[in-house]
Amino acid sequence: MEFYYRCSDCGRELAAKEIQYLCPHCASVSQPGEFQRGVLETVIAREHLIALARRKPFQVADWLVYALPDKGKAYPVGRTPLISPLHLQRQLGFTQLFLKNDGANPSGSLKDRASQLVAAQAIHHGQSTVVLASTGNAGSAMACAGAALGLKVLLFVPATAPKAKLLQAILYGATVIPIRGTYDEAFRLSIEYTQHFGGVNRNTAYNPLTIEGKKTVALEIYMQLGGQAPDIVFIPVGDGVIYAGVYKGFSDLQAAGLIEKLPQLVVVQAEGSNAIAQAYRTGQYRALQRAKKKKKKIPASQRRLVCRSQRSGDCRRAIATDSRGGDFLRAGRGGRLGGIYQRIKKA
Ligand SMILES: [Zn+2]
């Protein structure tokens with residue numbers, strides 16, 4: 001499908017014939033410790049979206065900017081259940097409360113949606129290697145996509161990363177490259193690797209297709225609700241990329257004329273990792289000082305999220321929640337439900 005890239009900071013447009021990452025103008029003026037500047041968003045022309053809206057039946061894959069290899073059969077991402085949690089609905093007093101269970105994806109997380117599209121991008125551009133830095137679900141998801149579609153996956157990780165978190169990626173056959181340094185350094189090295197040796201870089205938000213791929217969760221929710229958008233979506237957020245993907249999905253549906261307005265997007269962050277919630281409150285785009293063991297890259301989509309939400313009001317509330325979960329999955333679940341409880345208490 002025809003599309004182009006637009007810088008979320010300066011609005012410059014870049015052609016999509018080549019693989020593009022950050023806006024070269026804005027990325028070059030990014031300051032250390034600041035949220036990343038120059039993150040690109042993919043743009044599909046409105047007339048294409050309107051044409052897509054007329055297609056029957058509604059197929060999520062039609063809305064992606066690259067055709068899925070093997071039509072998605074080899075790596076069947078998405079179509080995850082929208083659960084009606086009866087007990088929770090009664091407990092909270094909302095009969096129309098739903099949970100989207102993306103744990104049902106092939107590698108067990110929403111990251112499969114991004115990896116699927118990056119794999120499609122690599123195959124479209126004749127690349128056989130995908131490179132990324134990750135210590136968790138993104139690495140597992142890309143390794144899973146690589147195993148399913150015959151792509152080599154190189155995963156840069158800090159040597160101190162917990163082995164248990166890397167096990168899934170190793171079992172899928174990824175080549176894991178431990179480095180002496182932090183996650184930030186692994187991230188930088190993975191980019192330098194693709195600059196020198198080629199391949200596609202899948203680093204979250206650095207490659208704009210990681211956001212575009214995640215929009216499918218919004219398209220599925222629209223479809224599963226019988227062709228309507230929910231009033232409110234609670235989104236667990238670390239670096240802001242899931243938010244950006246959900247926003248993009250509903251924005252495309254709105255531009256296509258399928259929904260009248262965007263749902264209210266409520267961003268939920270764990271209290272110990274709430275850079276976005278803090279930036280939203282203070283207007284300071286600074287990374288958090290993280291615990292030594294969890295040193296992580298400055299979250300890539302945070303700048304865009306906070307700017308956009310303050311400018312347009314489309315994301316009207318940032319909530320910091322207390323999540324005491326020790327691992328990613330538990331923290332994620334705690335964050336989601338914690339956000340719902342807090343919102344209801346305030347209502
Ligand atoms: Zn720019």
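A short reminder: the numbers here are calculations on the coordinates, not readings from a lab. Model, not experiment: these values are computed from the prediction. We place every Cβ from the backbone using ideal geometry, glycine too, and count neighbours over all the protein chains shown.
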Exercise. How large is the dipole of the range 111-208 about the Cα centre if only Lys and Arg carry +1 and Asp and Glu carry -1, each at its Cβ, rounded to the nearest 20 debye?
Worked result: 160
For this session: Mind listing the long-range amide H neighbours of VAL176? Cut-off is under 5 Å, sequence gap 5 or more, other chains count too, H placed in the peptide plane at 1.01 Å from N.
Result: LEU155
Seminar exercise, completed: Residue separation between LEU92 and GLN254 times 0.36 nm, minus their alpha-carbon distance, gives in nm 55.4 nm
Exercise. Going down the table (LYS56/LYS152; LYS73/LYS111; LYS73/LYS163; LYS165/LYS215), which pairs top 29 Å between alpha carbons?
Worked result: LYS56/LYS152; LYS73/LYS163
Exercise. HN-Hα J couplings of the range 109-114 from phi, Karplus 6.51/-1.76/1.60, θ = phi - 60°, integer Hz, Gly and Pro as x?
Worked result: 8, 5, 4, 4, 5, 5
Exercise. Can you pull the Kirkwood radius for the range 4-63, inverse mean 1/r over Cα pairs, to one decimal in Å?
Worked result: 13.3
For this session: Could you list which residues have their amide H under 5 Å from that of VAL266, counting only those 5 or more apart in sequence or on another chain, with H placed in the peptide plane?
Result: VAL233, PHE234, ILE235
Exercise. If you put +1 on each Lys and Arg Cβ and -1 on each Asp and Glu Cβ, how big is the dipole of the range 56-172 around its Cα centre, in Debye rounded to 20?
Worked result: 160
Exercise. Per-residue HN-Hα couplings for the range 217-230, Karplus 6.51 cos²θ - 1.76 cosθ + 1.60 at θ = phi - 60°, whole Hz, x for Gly and Pro?
Worked result: 5, 5, 4, 5, 4, 4, 5, 6, 8, x, x, 8, 8, x
Seminar exercise, completed: Applying the gyration tensor rule to the Cα atoms of the range 111-208 (axes a ≥ b ≥ c; rounded if a/c under 1.5, else prolate if a/b exceeds b/c, else oblate), the class is oblate
Exercise. Ordered by residue, what ³J(HN,Hα) values in Hz, to whole numbers, does the range 137-144 give under the Karplus form 6.51 cos²θ - 1.76 cosθ + 1.60, where θ = phi - 60° and Gly and Pro are x?
Worked result: 5, 5, x, 4, 5, 5, 5, 5
For this session: Within 10 Å, count the other beta carbons around each residue, average over each peptide in 84-93, 109-118, and list them highest first.
Result: 109-118, 84-93
Exercise. For VAL130, which sequence-distant residues (separation of 5 or more, or a different chain) have an amide H within less than 5 Å of its own amide H, given hydrogens modelled in the peptide plane?
Worked result: LYS152, VAL153, LEU154, VAL200
Seminar exercise, completed: For the range 1-154, shape from the Cα gyration tensor axes a ≥ b ≥ c, cut at a/c of 1.5 then a/b versus b/c, turns out rounded
